[in-house]
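The values are calculated or read from the model by the stated rules, or taken from the named source; none is laboratory data. These numbers come from a predicted model, not from an experiment. When we count neighbours, we look across all protein chains shown, and the Cβ atoms used for this are built from the backbone with ideal geometry, even at glycine. When the accessible area is computed, the model is the full protein with side chains, heavy atoms only, and any ligands, DNA or RNA have been set aside. Shrake-Rupley method; radii C 1.70, N 1.55, O 1.52, S 1.80 Å.
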Amino acid sequence: MLIIGELINTSRKAIKEAVEKKDANYIQQVAREQLEAGANYIDVNCGTMINNEIEIMEWLVKTVQEAVEVPLSIDSPDPKVIEAGLRLVKYGQPMINSISDEKERFDSILPLVVKYNAKIVALCMDDTGMPETGEDRVRVAKSLYLKLTKAGVSDENIYFDPLVKPISAVEKAGVEVLESIKFIKILYPDVHFTCGLSNVSYGLPNRKVLNRLFVVQTMTLGMDGYILNPSDKEMMGVIYASLALLGQDAYCMNYLTAHRKGLYEV
């Protein structure tokens, strides 16, 4: 299970203010809290700072790495910003968030994946736009898989994102994601998955209930990575419990260790 901490993102008011003030202490506090809460990777995203995004990305990467020795997920719509972040990553194998099968995006990101031997979040989207059905997602996944592996990217470094949509707007959105995971896993058993899970509950009340149940459903079919807030102890409890119940936690050691450390709540 790969937990990618999502909190260092300038779309969040507190992070944006800290970046504008160059408040390194706050950024480092958020990084440490995510690591201590169970994050394996920390996502770094300053995509809202369009006027000086490269400079801010470099500052954020340096600032985070002064506080924690953890791999980073470099997240931006701009390939130049992604490379600026990748050049500075010091710990572990970096991740790029993300590539798609849109020609311009694919052609600009693939060389970075290869150059930096990065894990890659592969969005199931192409030049026709957002996928409408599970079949659309699988079609795009097939195309991405063939292109990525042809370029030398290993299965273990590919993390398919089936693009979660709100069920408030698309009734079958949850089912489409579940079907996509199931069939991609059959085709390519050694690839991984990740997603921004909270999209599923957008616009609905009691969102946390929907998000937690969707974690269980997606994990059952093979989802093994999430971009989320690891400080949400109730969500982390669902993940630790699901891993144990799915036989992916030998002797329930991770579940018991997390319990002793107080990393989750019920």
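For the reader, a short list of remarks on this structure follows.
- The residue pairs whose first member lies in the range 254-266 and is open to solvent by 70 Å² or more (accessible area, probe 1.4 Å), whose second member is among the basic types (Lys, Arg), and whose beta carbons are closer than 8 Å, counting only pairs six or more residues apart or on different chains, are Glu265/Lys233.
- When each of Glu179, Glu171 is tested for being more than 26 Å from Ala31 (Cβ to Cβ) and either in contact (Cβ under 8 Å) with a residue 40 or more places away in the chain or touching a Phe, Trp or Tyr at 6+ places or on another chain (Cβ under 7 Å) (or both), the lone residue that passes is Glu179.
- Every listed requirement among (1) of a type in the set (S, T, N, Q); (2) touching a residue at least 60 places away in the same chain (Cβ under 8 Å); (3) exposed (fewer than 15 other Cβ atoms within 10 Å of the Cβ) is met by Ser231 save one, (3).
- Test for Val209: is it at pLDDT 95 or above, of a type in the set (A, V, I, L, M, F, W, C) and over 16 Å from Asn97 (Cα atoms): yes
- Residue match in the range 191-200 (condition: surrounded by fewer than 22 Cβ atoms within 10 Å (Cβ to Cβ) and over 19 Å from Leu228 (Cβ atoms)): no
- Condition check for Val153: at pLDDT 95 or above, among the β-branched types (Val, Ile, Thr) and either in contact with a Phe, Trp or Tyr (Cβ under 7 Å, 6 or more places away or on another chain) or farther than 25 Å from Gln93 by Cα (or both): no
- Tally of residues being touching a residue at least 24 places away in the same chain (Cβ under 8 Å) and surrounded by fewer than 21 Cβ atoms within 10 Å (Cβ to Cβ) across the range 139-149: 4
- Among residues of the range 42-57, those that are in contact with a Gly (Cβ under 7 Å, 6 or more places away or on another chain) and touching a residue at least 40 places away in the same chain (Cβ under 8 Å), counted: 2
- Each residue in the range 40-74 was checked for being part of a helix (DSSP H, G or I) and not basic (Lys, Arg), and 14 pass.
- Among the residues making up the range 234-247, those that are surrounded by fewer than 17 Cβ atoms within 10 Å (Cβ to Cβ) and either assigned to a strand (DSSP E or B) or not hydrophobic (A, V, I, L, M, F, W, C) (or both) are Glu234, Gly247.
- Looking only at the range 3-26, and only at residues there that are among the hydroxyl-bearing types (Ser, Thr, Tyr) and surrounded by fewer than 17 Cβ atoms within 10 Å (Cβ to Cβ), the one that is nearest to Met49 (Cα to Cα): Ser11
- A residue that is open to solvent by 10 Å² or more (accessible area, probe 1.4 Å) and either of a type in the set (A, V, I, L, M) or not assigned by the TED database to the domain that holds Gly225 (or both) can be found somewhere in the range 175-185.
- Scanning the range 126-135 for residues that are closer than 14 Å to Glu102 by Cα and crowded, with 16+ Cβ neighbours inside 10 Å yields a count of 2.
- Subset of the range 94-111 (residues that are open to solvent by 50 Å² or more (accessible area, probe 1.4 Å) and either under 15 Å from the mean Cα position of the chain (by Cα) or without any contact (Cβ under 8 Å) to a residue 24 or more places away in the chain (or both)): Glu104, Asp107, Pro111
- Any hit, the range 158-173, residues being farther than 30 Å from Pro111 by Cβ and open to solvent by less than 10 Å² (accessible area, probe 1.4 Å): yes
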